[in-house]
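The values are calculated or read from the model by the stated rules, or taken from the named source; none is laboratory data. Worth saying up front: this structure is predicted, and the values here are computed from it rather than measured. Using ideal geometry, Cβ is built from the backbone for each residue, glycine included, and neighbour counts are taken over all protein chains shown. With ligands, DNA and RNA removed, areas are computed over all heavy atoms of the protein, side chains included. Shrake-Rupley method; radii C 1.70, N 1.55, O 1.52, S 1.80 Å.
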Amino acid sequence: MTTQLTITRQSENQNHRAVTCTSLGIRYEVFEGQGVVSVRRWDAAMDRNTVVGEFELSFLRGDKVRIGDDPRWRPVGDFLYNHGSSFSAARSFIGDNNVEYRWKVRQGTLMLCKGGSGAPALITFHRDRYNPNDASYLEVHDIETLESLEKVIVSFLIMERRTGQA
């Protein structure tokens, strides 16, 4: 059984999107302004959005990210790193459950796998290439990846931009 995290535009421009799964009570807001992308989780108990990550992809200043409540900006490569060929688009990160995850592009599709080659997809990104205004979604094949959902979403948004999947 799979779960879908739907990615929808919240306004006429791409500067405000939402990542949701109503059945699991998941809602993240994604805002972009002045080159910085901010990811916020809706906290119903506190009736407010909580920042879970921010990043800036800048050719001149270098890509940077901050995750969770850490106020320090650090290079994206410290969070989402490459090991292997410098020409590979694949990038890895360590989840909150201390598992290494790797984003890969297979046959034009962005997928999250456990670290290592040949591992099956845990999450697959689906987008209508013919009508990009339609909602896209992340298909979650392994529910255990939701333990690191905030890092998954931040890393996905970075990879989406870097691989041209946006």
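General observations
- Between SER85 and ASP47, residue separation times 0.36 nm minus the direct Cα-Cα distance comes to 9.2 nm.
- Dimensionless Rg/Rh of the chain - Kirkwood Rh, Rg from C-alpha atoms: 0.93
- Whole-percent carbon and sulfur share, accessible surface of segment 1-137, 1.4 Å: 49
- q = 0.12, 0.24, 0.26 Å⁻¹: log10 I(q)/I(0) that the Debye formula gives for segment 32-108, counting C-alpha atoms only: -0.44, -1.23, -1.28
- When the trypsin sites (Lys or Arg not before Pro) in segment 1-97 are filtered for DSSP coil states and for at most 14 other beta-carbon atoms within 10 Å of their beta-carbon, the remaining sites are ARG61, ARG72.
- Between ALA119 and ASN97, the simple spin-label model (points 7 angstrom out along Cα→Cβ) gives 1.1 nm.
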